[in-house]
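Peer 1: Here it is, the structure, as structure tokens.
Please treat every number below as a calculation from the coordinates, not as lab data. Note that the structure is a prediction, hence the values are computed from the model and not measured. Every residue, glycine among them, receives a Cβ derived from its backbone with ideal geometry; neighbour counts consider all protein chains shown.
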Amino acid sequence: MNTESLKKNYSAIILAAGRSERMGVPKFSLRFDDKFTFLERIAHMYYSYGCEEIVVVLNIEGADLLNNLKLQLPSNLRVALNNHPEWARFYSLKTGMKALENIAPAFVSNIDNPFVNHKILDKLAENIEMNDYAFPSFNGRGGHPFMISEKIVTNILDEQDENINMKDFLRRYKNIAIEADYDKVLLNINTPDDYMAAFNIKKK
């Protein structure tokens, strides 16, 4: 697919710096299907959507593994290194933001939910101009990915408290919940059982 004609003034940040201790392996390396890992799937979804910049935030061990895996990743993806993966997610997000070359509205994905699709991205993008923060919702529960405005991107970069709770930070801003038509926006795949349930894998 030629994405040059599809380029949009959006960025995408993929948060993948956690230790994945409950999963036992870095979640970005989990198989989504026969073609893609979680990271490949999410990154290519943002690339095919037309995001100008894509940043994945990894810890040191994850970055080393990524170098060895030789994944098929978009040409505009870059890695941001989180040296404090034990800190709150806000620090990971700010680390990713620092790696961006331009200030633009940004999608934010957690690596433990690889079910990003263009329909959700369209709905978020359609609502970000009138709001600071947009997120999908299913049965009244907020999910992922979410999208933040240029204003929030700028304020994240300016925020001095790098260990602030991300939800507390985002509550300061005008937001909108976008009703999703499927429950996968709520998934958080943190354990082998979560993974097997999400992909209907039977225990041997």
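Peer 1: Please give the Cα centre distance for the stretch 74-106 versus the stretch 137-169, rounded to the nearest Å.
Peer 2: Distance between centres, Cα-based: 13 Å.
Peer 1: Moving to a separate point now. Using Cα positions and a limit of under 20 Å, work out the lysines in reach of K123, with same-chain residues fewer than 8 apart set aside.
Peer 2: Excluding near neighbours in sequence, the set is K7, K8, K151, K174, K184.
Peer 1: Only Cα pairs within less than 10 Å get springs; with that Gaussian network setup on the chain, which residue of L69, L170, L124 has the largest fluctuation?
Peer 2: Of L69, L170, L124, the Gaussian network model singles out L69 as fluctuating most.
Peer 1: Using the Cα centre of the stretch 4-198 as the reference point, and only Cβ charges (+1 on K/R, -1 on D/E), how large is the resulting charge dipole? Debye, rounded to the nearest 20.
Peer 2: Values: 22 positive and 27 negative charges, 20 e Å.
So the magnitude is around 100 debye.
Peer 1: If you average 1/r across every pair of different Cα atoms in the stretch 4-198 and take the reciprocal, what Kirkwood value do you get, in Å? Please list the in-between numbers first.
Peer 2: Values: mean 1/r = 0.0598 Å⁻¹.
About 16.7 Å for the stretch 4-198.
Peer 1: In addition: At 0.36 nm per residue, minus the direct Cα-Cα distance, what do H118 and R78 gain on full extension? Give it in nm, one decimal, please. Working shown, then result.
Peer 2: Values: separation 40, 0.36 × 40 = 14.40 nm, distance 2.13 nm.
Full extension from H118 to R78 adds 12.3 nm.
Peer 1: If you don't mind, another one. Mean residue ellipticity at 222 nm from the helices of the chain, using -39,500 (n - 2.57) per DSSP H segment of n ≥ 4 over the full residue count, to the nearest 500 deg cm²/dmol? Present the calculation step by step, with values, prior to reporting the outcome.
Peer 2: Numbers: 7 runs with 64 residues, N = 204.
Value at 222 nm, helices only, nearest 500: -9000 deg cm²/dmol.
Peer 1: Okay, moving on. Rank K174, K98, K184 by mean-square fluctuation in a GNM of the chain with C-alpha springs under 10 angstrom and give only the top-ranked residue.
Peer 2: Greatest mean-square fluctuation among the candidates belongs to K174.
Peer 1: Given the alpha-carbon gyration tensor of the stretch 151-204, what are the semi-axes of its equivalent ellipsoid in whole angstrom, ordered largest first, with each equal to the square root of 5 times an eigenvalue?
Peer 2: Working: eigenvalues 228, 55, 12 Å².
Computed over the stretch 151-204, the values are 34, 17, 8 Å.
Peer 1: In the stretch 45-94, which GluC sites (Glu not before Pro) are in a loop and have at most 15 other Cβ atoms within 10 Å, using DSSP for the loop call? Let's see the in-between values first.
Peer 2: Values: sites: E52, E53, E61, E86; in loops: E86.
Here the GluC sites (Glu not before Pro) that fit, given the DSSP loop and packing criteria, are E86.
Peer 1: Here's a follow-up. Consider all pairwise Cα distances in the stretch 12-109 and report the whole-number % of them above 16 Å. Could you put the intermediate results ahead of the total?
Peer 2: Values: 2512 of 4753 pairs.
Percentage above 16 Å: 53.
Peer 1: While we're on this one: For a quick check, take a GNM of the chain with Cα springs below 10 Å and name the residue from I189, I42, I111 with the largest mean-square fluctuation.
Peer 2: Greatest mean-square fluctuation among the candidates belongs to I189.
Peer 1: Mind giving me the nanometre distance, one decimal, between the label points for S137 and L65, set 7 Å out from Cα along Cα→Cβ?
Peer 2: 3.5 nm
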